[in-house]
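The values are calculated or read from the model by the stated rules, or taken from the named source; none is laboratory data. Bear in mind the structure is a predicted one, so any value in this text is a computation, not a measurement. All Cβ positions, even for glycine, are placed from backbone atoms using ideal geometry, and neighbour counts span all protein chains on display. In case anyone asks, the SASA skips ligands and DNA or RNA and just uses the protein heavy atoms, side chains included. Shrake-Rupley method; radii C 1.70, N 1.55, O 1.52, S 1.80 Å.
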Amino acid sequence: MFYVAEDHEEGSHAPRRSHPPLGPRMRIAFSEDGKLSESPQFEYRPQQQRMAELVGAALDGNQALVCEAATGVGKSLAYLVPAVTFALEQRRKAIICTHTINLQEQLISKDIPIVKQIVGPFHAEILKGRGNYLCPTRLKRALNESGDLFSTSEASELKLLLDWVAETEDGTLSDLDFSPSARVWSLVCSEPHACTPRRCPPGSRCWYQDTRRRMEAADVIVLNHTLFFTLLASADETGTDDCNFLFPRDFVILDEAHTIENVAARAFGLHISESNLKFELGRLHNPKTRKGFFQLVGDKDGVREVLQTLEVVDTFFRAAEASCKFNNVGREFRVREAGLVEDSLSLPLQRLAQRALKAGDAAHKEGTKLELHDLAKRLTSIRVGLKAFLDQENEDHVHWVERTGMDHRTISFHTAPVDVAPRLRQIFFASHKACIFTSATLGVGHDEELNYFRNRVGAEDANAACIESPFDFKRQMKLYLLKKMPQPSDPGYLDQLEHWITHFIDLSSGRAFVLFTSYSQMTSLADKLEAHCNQRGWRLLVQGRGMPRHQMLAEFKNDTHSVLCGTDSFWTGVDVPGESLSNVIITRLPFAVPDHPLTASRIEHLEEQGLNPFTEYSVPEAILKLRQGVGRLIRTATDKGICAILDNRILTKPYGRAFLSSLPECPTEVL
């Protein structure tokens, strides 16, 4: 029995009357003859039942829960059913955060409809970042002023967008059948300064404002981790001052929580790029097209200042690049002291921001005034960030410079907190808020208390649970290990790697993921592997050859005997049930190379505390990554397959035991 209120009014935040404890009700609901058993798709799983009970109890008690739920537990329903029940009964909004788009789509299209059959009707919405939505008010202004703002090709894009607006249902970029230029989209997408409830009232066909109004009424909101942290930092986005997380009295469930430390580090950091600064200046005046807002308002002195500032930008970033001792292949350079380069940019940016403000004040049209004032605000924000970076104002942050682009000549500045635990502790765990952190992989080795993960995210005082998979790995999976294998620096390593990869893909008749830790190793082997696969009539898909990741996955699933070679992004968040994936080959244990400044600074931080960073950080992180990679293999109770680890350190090094103990118990053969 769920006791969900029948007189539920969407959008009300008034507390409800008390209900019987949720945990025990979830235990009954997920039992063999409980409410869920009425569905023909339901399969009783004691692991799912236990998780649903734990989630229900945590929500009831306004507590934090960290829960590892292995593949096959059915964690989505195990948290959705108690979360929705709690949201409806207590008139509290459920915020569900995921890392991948795939999981968001699964929740909205598959899992939430099932929950509606069980719990009854409720209002669920998926939220994207506001920059994904087109604002008709801004589009109309852009069309009216296109002669001074846009080139001929950009103006033709505006007309295509106008046609699309008449037929689109959700008004977001993902619904577009062409890719507008960044400049055009930046002037028509939803932005806080121009797209407001007053300027885009109901009936204006503004998809972002319509979505925002629906958010206020929704019982369940699904969004990604990055957007969650963006909204958390922006009261403007939520429009409320008395928030719990994003809304009054809301509670949050973070799925795929193993990614939270790195997502939070990026969200709490600073990011300033040469290309973005030039982009913002180009909105005031684009030297190539001679279009922009200064043209629109006839400010010739403003145009001249933009041209002068662009020259300073080039000089400044070339000087910054020269100050960084990049090695031949390195993309990042750590900046350990303040004053990397003389700040020749702040003064021109300050002058230009003041010029844009003045031009905005003098503008006849409200829309033009808003756009110029917003550009002034953006330039000021870049100037403040630039000063913070050069002066190293955030002492607990690591600072670094990156170079990107085809010729490695585009420079960007970045900072990130070395340790996010204090900030996350304050947000999630310090004041008795209901929040659930869950993932298939949070533990390392015999870490049933999930201590490693909890310490990294400030959840030391949260309740923890580790729920094992219901899959029969002893029947479904076989593990192969190598007794002898040269190290990558040894002569003949690549020959041996090729030998063993071809040996194991022959064993499974293709149908394999080959997961690399080194992009260069993968590309140097790809041609040889391709010849081997061609002889057998198998298709070889290699990451980095121009095909997008989602398309590679689709091709792999459709071509049963194909082989896919991938690096970092294929170790995690990829779901290929069935025989198409019957073999996962791990070429090396996935230790992070400590050359990224953030990784290096985390290692130094542990050393400063007198800890061994290899055992306290490098090994646990590699174990989590290995578990993710191996976890690609068995996705359902009927899947069968093999996994081969082509790195003999798992047998020869003392830490190898920790890696082995973290893997599913299954038949193992050492070759």
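Miscellaneous remarks
- Here the convex hull built on the C-alpha positions of segment 144-225 has a volume of 134 cubic angstrom per residue.
- The calculated FRET efficiency for the pair Thr404 and Ser39, based on their C-beta separation and a Förster distance of 45 Å, comes to about 0.35.
- Local charge for Glu38 was computed over the other residues whose Cβ lies under 14 Å away, with Lys and Arg +1 and Asp and Glu -1, and equals -1.
- Rotationally averaged projected area of segment 466-507 (alpha carbon convex hull; nm²): 5.0
- Per residue, the average separation of C-alpha pairs within less than 8 Å and at least 6 apart gives segment 128-211 a relative contact order of 51 percent.
- Of all lysines in the structure, those lying under 23 Å Cα to Cα from Lys159, and not within fewer than 8 positions of it along the same chain, are Lys140, Lys288, Lys291, Lys365.
- Subtracting the Cα-Cα distance of Tyr655 and Asp314 from their residue separation scaled by 0.36 nm leaves 117.9 nm.
- Spread of Cα-to-Cα distances over 20 Å intervals beginning at zero, given as percent, for the chain: 16, 45, 35, 4
- Taking Lys and Arg as +1 and Asp and Glu as -1, the other residues whose beta-carbon sits under 11 Å from that of Thr404 total -1.
- With a 1.4 Å probe rolled over the protein heavy atoms of all chains, the accessible area of Val418, Val222 falls in the order Val418, Val222, largest first.
- Hydrodynamic radius (Kirkwood) for segment 383-450, which is based on Cα pairs only, to one decimal in Å: 15.8
- Here the Debye sum runs over all C-alpha atoms of segment 586-671 as equal scatterers in vacuum, and log10 of I(q)/I(0) at q = 0.12, 0.14, 0.26 Å⁻¹ comes out as -0.44, -0.57, -1.37.
- Among beta bridges identified by DSSP and lying wholly in the chain, the antiparallel ones come to about 25 percent.
- Applying the criteria of a DSSP loop state and at most 10 other Cβ atoms within 10 Å to the GluC sites (Glu not before Pro) of segment 135-235 yields Glu167, Glu169.
- Over the Cα atoms of segment 106-154, the radius of gyration divided by the Kirkwood radius equals 1.35; this is the Rg/Rh ratio.
- If the convex hull is drawn through the Cα atoms of segment 551-627, its volume per residue in Å³: 102
- Accessible-area value, Ser37, 1.4 Å probe, nucleic acids and ligands omitted, Å²: 40
- Computed over the chain, relative contact order equals 15 percent, with contacts defined as Cα pairs under 8 Å that lie 6+ residues apart.
- Relative contact order of segment 535-619, pairs being alpha-carbon contacts under 8 Å that are 6 or more residues apart, as %: 22
- When the surface is traced with a 1.4 Å probe over the full set of protein chains, Cys243 keeps roughly 50 Å² accessible.
- Percent accessible area from carbon and sulfur atoms, segment 82-148, protein chains only, probe 1.4 Å: 52
- Geometric descriptor of segment 250-389, per residue, is 179 Å³ (volume of the convex hull of the Cα atoms).
- Cα-based radius of gyration for segment 316-382, normalised by 2.2 N^0.38 Å, reads 1.60.
- Theoretical gain in end-to-end length, Asp472 to Thr636 [0.36 nm per residue, Cα-Cα removed]: 58.0 nm
- Calculated P(r) tail over 16 Å for segment 56-149, as whole % of Cα pairs: 67
- Look at where the Cα atoms of segment 396-437 and of segment 147-215 average out, and the two centres are 30 Å apart.
- Calculated log₁₀ intensity ratio I(q)/I(0) where the Debye formula runs over C-alpha points of segment 439-528, q = 0.23 Å⁻¹: -1.12
- Applying the criteria of a DSSP loop state and at most 13 other Cβ atoms within 10 Å to the trypsin sites (Lys or Arg not before Pro) of segment 287-330 yields Lys288, Arg290, Lys325.
- Rounded to the nearest 500, the 222 nm mean residue ellipticity of the chain from helices alone is -13000 deg cm²/dmol, with -39,500 (n - 2.57) taken per DSSP H run of at least 4 residues.
- Cross-linked pairs Lys35/Lys116; Lys110/Lys625; Lys93/Lys377; Lys528/Lys640: Cα-Cα separations exceed 22 Å for Lys110/Lys625; Lys93/Lys377; Lys528/Lys640.
- With all protein chains kept in place, the per residue accessible area of the chain amounts to 44 square angstrom at a probe of 1.4 angstrom.
- Where the Cα pairs of segment 323-443 fall when distances are cut into 5 Å bins, in %: 2, 9, 13, 12, 13, 12, 13, 12, 9, 5, 1, 0, 0
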